[in-house]
1. Among all residue pairs at least 6 apart or on different chains, which show Cβ distances below 6 Å where the first residue, located in segment 78-103, is touching a residue at least 12 places away in the same chain (Cβ under 8 Å) and closer than 15 Å to Pro29 by Cα and the second is surrounded by fewer than 18 Cβ atoms within 10 Å (Cβ to Cβ) and of a type in the set (S, T, N, Q)?
2. Counting only residues that are within 14 Å of Lys81 (Cα to Cα), touching a residue at least 40 places away in the same chain (Cβ under 8 Å) and either surrounded by fewer than 16 Cβ atoms within 10 Å (Cβ to Cβ) or among the β-branched types (Val, Ile, Thr) (or both), how many does segment 106-123 have?
3. Which one of the conditions (1) closer than 14 Å to Pro29 by Cα; (2) out of contact with any Phe, Trp or Tyr (no Cβ under 9 Å at 6 or more places or on another chain) does Asn122 fail to meet, given that it meets all the rest?
4. Taking the condition over 26 Å from Glu160 (Cβ atoms) and not aliphatic (A, V, I, L, M), does Ser89 pass?
5. Criterion first (at pLDDT 95 or above, part of a helix (DSSP H, G or I), under 15 Å from Leu129 (Cβ atoms) and of a type outside the set (S, T, N, Q)) does Glu74 satisfy it?
6. Condition first: part of a helix (DSSP H, G or I) and farther than 23 Å from Ala114 by Cα. Now tell me which residues in segment 46-71 satisfy that.
7. Looking at segment 14-34, which of its residues are among the hydrophobic types (A, V, I, L, M, F, W, C), in contact with an Asp or Glu (Cβ under 8 Å, 6 or more places away or on another chain) and at pLDDT below 65?
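The values are calculated or read from the model by the stated rules, or taken from the named source; none is laboratory data. Keep in mind it's a predicted model, so treat the numbers as computed, not measured. When we count neighbours, we look across all protein chains shown, and the Cβ atoms used for this are built from the backbone with ideal geometry, even at glycine.
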Amino acid sequence: MNILHSLFSILPSQPVYAHCDIPCGIYDPHNMQTASHTVIRMTSMIQDLNEEDDSEQSEKKYTHQLSRLTKVKEDHAEILKRELQVLWSDYFKEEHLEKFPDLHDLVWKTMKLASKTKQEINLDAANELLENTQKIAEIFFQTKNLEPVRIPSLYPTEGEIVSHK
């Protein structure tokens, strides 16, 4: 035991993080898709936000609502990035990259889009983020030998969620 302790103290090490640090093998692209729909919804709501009049009360109400919508939009863009990072670092393997050679670029662009949707009020970027997220979900299910299908999300975004048969 003393030798093992000494060995660990001299070898370089760093913490490793996974979905649940086991790793448990439980991965699902659903949360990142839901987060992407939320980014779209919050962006739309921000674009539709209007001050009722020039009063101080109206300005406070507008500012408060804008702040809340922005926070939720940015929080969900960050949730998406975290969920995608877990899939990228813990689930996807070299054989997946061989079968889906555009996966690396797709993940990279999706991470960048998530950042862009945090920085801007850009509905086109938010919709592109969802489309990329759906492509990643389709690849995920294909790696599990499942047929991906797009189904209505039933969200106010009126978009789709990728699931499997």
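1. Glu83/Asn31
2. 1
3. For Asn122, the failing item is (1).
4. Values: over 26 Å from Glu160 (Cβ atoms): yes; not aliphatic (A, V, I, L, M): yes.
Judged against the criteria, Ser89 is a match.
5. Numbers: at pLDDT 95 or above: yes; part of a helix (DSSP H, G or I): yes; under 15 Å from Leu129 (Cβ atoms): yes; of a type outside the set (S, T, N, Q): yes.
Answer is yes for this residue.
6. Just the residues of segment 46-71 that are part of a helix (DSSP H, G or I), to begin with: 46-48, 56-71.
Listed by number, the residues that qualify are Glu56, Gln57, Ser58, Glu59, Lys60, Lys61, Tyr62, Thr63, His64.
7. Ala18
Yes/no matrix, rows are residues, columns are (1) of a type in the set (S, T, N, Q); (2) at positive phi; (3) surrounded by fewer than 17 Cβ atoms within 10 Å (Cβ to Cβ); (4) touching a strand residue (DSSP E or B) at 6+ places or on another chain (Cβ under 9 Å):
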{"site": "Lys73", "(1), (2), (3), (4)": "no, no, no, no"}
{"site": "Arg82", "(1), (2), (3), (4)": "no, no, yes, no"}
{"site": "Glu94", "(1), (2), (3), (4)": "no, no, yes, no"}
{"site": "Glu98", "(1), (2), (3), (4)": "no, no, yes, no"}
{"site": "His104", "(1), (2), (3), (4)": "no, no, yes, no"}
{"site": "Ala125", "(1), (2), (3), (4)": "no, no, no, no"}
{"site": "Lys135", "(1), (2), (3), (4)": "no, no, no, yes"}
{"site": "Ile161", "(1), (2), (3), (4)": "no, no, no, yes"}
